[in-house]
Amino acid sequence: THDQRWEMRVRALSPATRIVHLSDRTGAHAADRIRVDFVANASHELRTPLASILGFIETLEDAADDPETRSRFLKVMDTEARRMQRLIDDLMSLSRIEAEKYRAPDHSVDLAQLIGQVKDELAALAPDRAADIALEIETVPPVRGDQVQLSQLLHNIIGNAMKYGRPGHPVTVGLRRAGTAMVRLSVRDEGEGIAPEHLPRLTERFYRVDSSRSRAAGGTGLGLAIVKHIVERHRGRLDIASTVGDGTTVTILLPTAPVSGPIPGPVSS
Ligand code: ADP
């Protein structure tokens, strides 16, 4: 087909005989394409706030005498610099998680406790929305995980539910068992929801349904890509269901920690 890419290698066995190797490079080509797009997108996302900061520095040199203008410009520069910082933090998280993807995390994590902690952190960041976060937590076994990454996952999905939900409407975080070896984490909001055609693309890097809304809310467009990678590293499953006008539910299944791990032996001194 049009999108198919083949690589041909020819080896001479003798002057009269040739072996032709044809290999399908379609997958590798698609991976190259994604990498090239990613670098281009990341550069663009970083260049926009940087251009704004450089522009304001130049203007500031002319308006140095007026304290009010100065402080207004400095505020914009501060906002743009923080945007760059968030983006760089997210890019670094992504590459760290990707680098570790073949090493399954092996700590026991108490998700209920972690949810409580993340709820408090988010409530401190957005005090006006704190009362909207509702917990429906059942007793579940610990999951096999990486505490730092699971905290980031919770920040990203509960944070999204708060960003894209409706003020005064609940953001419900649920936790319960799923079968014998999994735990089901869910985050539900009553925001405006996501049209079905966007759902399959939400975990792509820099994919946003509404760019200006995401930017205004301080989004980097990398939150769900990070969530997807964390879920994959934990050998879990991610599902995003949404109804326009009703809201969105993000569900994550995570394997529980083995019931009996190796018993640590006596420490020799
Ligand atoms: P962002 O930093 O832009 O929030 P994400 O990767 O976290 O990036 O999410 C990608 C896009 O998915 C967002 O820009 C937004 O359009 C959409 N989205 C994510 N979560 C929700 C939600 N709970 N309700 C509605 N839209 C959402």
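The values are calculated or read from the model by the stated rules, or taken from the named source; none is laboratory data. Because the structure is predicted, anything quoted here is derived from the model rather than measured. Don't worry about glycine lacking a Cβ; one is built from the backbone with ideal geometry, like all the others, and counts go over all protein chains shown. Keep in mind that these areas ignore ligands, DNA and RNA; they rest on the heavy atoms of the full protein, side chains included. Shrake-Rupley method; radii C 1.70, N 1.55, O 1.52, S 1.80 Å.
Quick notes
- In the elastic network of the chain, a GNM with C-alpha springs shorter than 10 Å, the most mobile of Gly179, Gly219, Gly245 is Gly179.
- Relative contact order %, region 1-136, counting alpha carbon pairs below 8 Å whose residues are six or more apart: 13
- Across all C-alpha atoms in region 95-148, the radius of gyration and Dmax reach 14.3, 40 Å.
- Modelled FRET efficiency - R0 51 Å, Arg177 with Leu74, Cβ distances, 0.05 increments: 0.50
- Taken over the C-alpha atoms, region 4-162 has Rg and Dmax values of 25.5, 84 angstrom.
- Between Ala31 and Gln147, the modelled label-to-label distance comes to 3.4 nm, taking each label 7 Å out from Cα in the direction of the beta carbon.
- Here the accessible area of region 152-247 is 48 percent carbon and sulfur, with a 1.4 angstrom probe and all protein chains present.
- Two numbers describe the Cα atoms of region 60-135: Rg and Dmax, which are 20.1, 59 Å.
- Projected label distance in nm at Ala51 and Met8, using a 7 Å step from Cα toward the beta-carbon: 4.3
- Partner lysines for Lys119 [C-alpha distance under 16 Å; skip if fewer than 8 residues away on the same chain]: Lys163
- Residue-averaged [θ]222 nm for the chain, counting only DSSP H segments that reach four residues, each worth -39500 (n - 2.57): -15500 deg cm²/dmol
- One quarter of the convex hull surface built on the alpha carbon atoms of the chain amounts to 26.8 nm², the projected area averaged over directions.
- In percent, rounded to a whole number, the relative contact order of region 119-244 is 24, using alpha-carbon pairs under 8 Å and six or more apart.
- Projecting the Cα atoms of Val20, Ile230, Ala126 onto the charge dipole of the chain (Cβ charges, centred on the Cα centre) puts Val20 farthest toward the positive pole.
- Counting only protein heavy atoms and a probe of 1.4 Å, the accessible surface of region 72-133 is 54% carbon and sulfur.
- Contact order normalised by residue count of the chain, Cα under 8 Å, 6+ apart, percent: 17
- Approximate shape of region 2-92 as ellipsoid semi-axes (Cα gyration tensor, √5λ), whole Å, largest first: 55, 13, 9
- Hydrodynamic radius of region 119-237 per Kirkwood, over alpha carbon pairs, in Å: 15.3
- Solvent-accessible area per residue in region 108-183 equals 48 Å², computed with a 1.4 angstrom probe and all protein chains kept.
- Of the trypsin sites (Lys or Arg not before Pro) found in region 54-83, none is in coil by DSSP with at most 15 other Cβ atoms within 10 Å of its Cβ.
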